[in-house]
1. Among the residues that make up segment 218-230, is at least one of them of a type outside the set (A, V, I, L, M, F, W, C) and in contact with a Leu (Cβ under 8 Å, 6 or more places away or on another chain)?
2. Among residues belonging to segment 84-99 that are farther than 26 Å from Val146 by Cβ and outside any loop (DSSP other than H, G, I, E, B), point out the one that is nearest to ligand 1 (Cβ to nearest atom).
3. Only residues in segment 21-42 that are of a type in the set (Lys, Arg) count as the first member; pair them with residues that are within 12 Å of ligand 1 (Cβ to nearest atom), Cβ under 7 angstrom, at least 6 apart or cross-chain, and list the lot.
4. Name the residue, out of Ser232, Ser328, that is among the small types (Gly, Ala, Ser), in contact with a Lys or Arg (Cβ under 6 Å, 6 or more places away or on another chain) and touching a residue at least 60 places away in the same chain (Cβ under 8 Å).
5. Helices (runs of 4 or more DSSP H) wholly in segment 139-248 with at least 1 residues that are at pLDDT below 95 - which ones?
6. Conditions: (1) within 16 Å of ligand 2 (Cβ to nearest atom); (2) of a type in the set (A, V, I, L, M, F, W, C); (3) in contact with a His (Cβ under 8 Å, 6 or more places away or on another chain). Leu69 meets all but one. Number of the miss?
7. Test His42 against the stated conditions and say whether it is surrounded by fewer than 20 Cβ atoms within 10 Å (Cβ to Cβ), within 16 Å of ligand 1 (Cβ to nearest atom), over 20 Å from Ser139 (Cβ atoms) and at pLDDT below 90.
8. Of the residues that sit in segment 49-83 and are in a loop (DSSP other than H, G, I, E, B) and in contact with a Ser or Thr (Cβ under 9 Å, 6 or more places away or on another chain), which one is farthest from Ala240 (Cα to Cα)?
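The values are calculated or read from the model by the stated rules, or taken from the named source; none is laboratory data. All values derive from a computational prediction rather than experimental measurement. Neighbour counts are summed over all protein chains in view; Cβ atoms, including those assigned to glycine, are modelled from backbone coordinates with ideal geometry.
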Amino acid sequence: MKFLKSLKTKQRQIIDKIQFNMQMIATGATGKTAIQTAWFEHAVDIPLPSGLTFGTEDPMMANEILQDLRRRRIEAHSGGYITSQDAYKMRFELCDAENVVAELHTNEAIGQVLTGTTSGSSEQELHEYDGLLNRASNSHALLPMVAPPPLGGSQDDELRFMEDNRLVAKYLSTALRHHGDRASCSVGIVMTKLDTLFDSEEEARSELTDELLMRWLRPLVQVVNQSQKVFSAAIIPTSAFGWQNAEPIPSTIETGATTMYRLKDRYAEPYNTTPLLLWTLLNGLLPVQLEHTSAEQEAAVSRVVHMLDSDLEHMPHWSIPIKEAGRSLI
Ligand SMILES: Nc1nc2c(ncn2[C@@H]2O[C@H](COP(=O)(O)OP(=O)(O)OP(=O)(O)O)[C@@H](O)[C@H]2O)c(=O)[nH]1
Ligand SMILES: [Mg+2]
């Protein structure tokens, strides 16, 4: 125990240097937990080519994530992911060899907060609502997410997509209004569940032109484009399950509610989710770089940023840049 205690103090000394926060924002069933699961499965505690590792803070947390993954694989294959109800905290580390160079703080995101909270909500619900907005206004990276209406979907699906866009954009603009300084955060606009519209990456990329994506995501694009608080922004299309790998759960189609999916195979083959994580780490650190004043801190962030940039560059990915260094690109 003594060893662990002194280890924790030592770690804290290093960690105090660079900390950054990330928050996902999306309505229920958009696929937040599925993306987080893809990160657990394919990115956490797995070294990157640059030598960096994004990972858990100790072997106990590594073990907990592996146990969680075993449970989630069964969940995804049987009835799809269960809705999240607890905005628990998570802390990850970015390590260069065994040295901690930055620490990422995030919380599990509960979609029900967005669609469930009104001025008449219970104290507990209002508490969750305040918590989400608070964390979002203190995040260096924000990931607003929306899922497109599925292929052959109903008018209700299209309406839901437009409403999700509007509501998520409102949460985003409110978080930005309360955000610190100019260029203090980066925003990755994530389109989830692409496999419900397309059978392959080729099909998705040929049909989803930049113009079409920007038109579909206009409320969110407009918020980031106009806000002076946004340092960098991009649209990042993803599928946490992968192509032709999911089937709709019949009971949810019949009720007219959001269609839920389960994995056909036991294993997901996520598309563009690890690049999304690298984009988030890289662009979440850029505003932090501006916050830090000591030469030592600046050098440390700048080295990590450089390594992440090289990792992302060498990984096939799809992102549509909207803003860089506070300047609009559209
Ligand atoms: N086809 C397909 N289905 C997905 C994908 N990601 C998630 N799903 C399914 O969509 C539903 C919602 O996914 P979740 O990841 O639980 O969504 P969430 O945003 O975490 O939802 P809440 O926890 O309720 O806020 C579940 O039925 C999942 O199995 C995906 O990439 N493709
Ligand atoms: Mg969830």
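1. So the first thing to find is which residues in segment 218-230 are of a type outside the set (A, V, I, L, M, F, W, C), and the list is 218-219, 222, 225-229.
Now drop any that are not in contact with a Leu (Cβ under 8 Å, 6 or more places away or on another chain), which leaves 227, 229.
The answer is yes; a qualifying residue exists.
2. Taking segment 84-99 as the starting set, the residues that turn out to be farther than 26 Å from Val146 by Cβ are 91, 93-99.
With the extra rule that they be outside any loop (DSSP other than H, G, I, E, B), the set shrinks to 91, 93-96, 99.
Details: Arg91: 20, Glu93: 24, Leu94: 24, Cys95: 27, Asp96: 31, Asn99: 33 Å.
Across segment 84-99, the extreme among qualifying residues is Arg91.
3. Lys32/Met24; Lys32/Ala26; Lys32/Ala109; Lys32/Gly111; Lys32/Met145
4. Numbers: Ser328 fails: in contact with a Lys or Arg (Cβ under 6 Å, 6 or more places away or on another chain).
Within the list Ser232, Ser328, the selection yields Ser232.
5. Values: elements: 155-177, 201-207, 210-216, 218-226.
Filter on segment 139-248 gives 155-177.
6. (3)
7. Working: surrounded by fewer than 20 Cβ atoms within 10 Å (Cβ to Cβ): yes; within 16 Å of ligand 1 (Cβ to nearest atom): yes; over 20 Å from Ser139 (Cβ atoms): yes; at pLDDT below 90: no.
Considered against the rule, which asks whether it is surrounded by fewer than 20 Cβ atoms within 10 Å (Cβ to Cβ), within 16 Å of ligand 1 (Cβ to nearest atom), over 20 Å from Ser139 (Cβ atoms) and at pLDDT below 90, His42 comes out as no.
8. Quick first cut of segment 49-83, residues in a loop (DSSP other than H, G, I, E, B) only: 49-51, 56-58, 79-83.
Cutting the leftovers down to in contact with a Ser or Thr (Cβ under 9 Å, 6 or more places away or on another chain) gives us 49-50, 80-83.
Values: Pro49: 22, Ser50: 24, Gly80: 12, Tyr81: 12, Ile82: 15, Thr83: 16 Å.
So the residue we want is Ser50.
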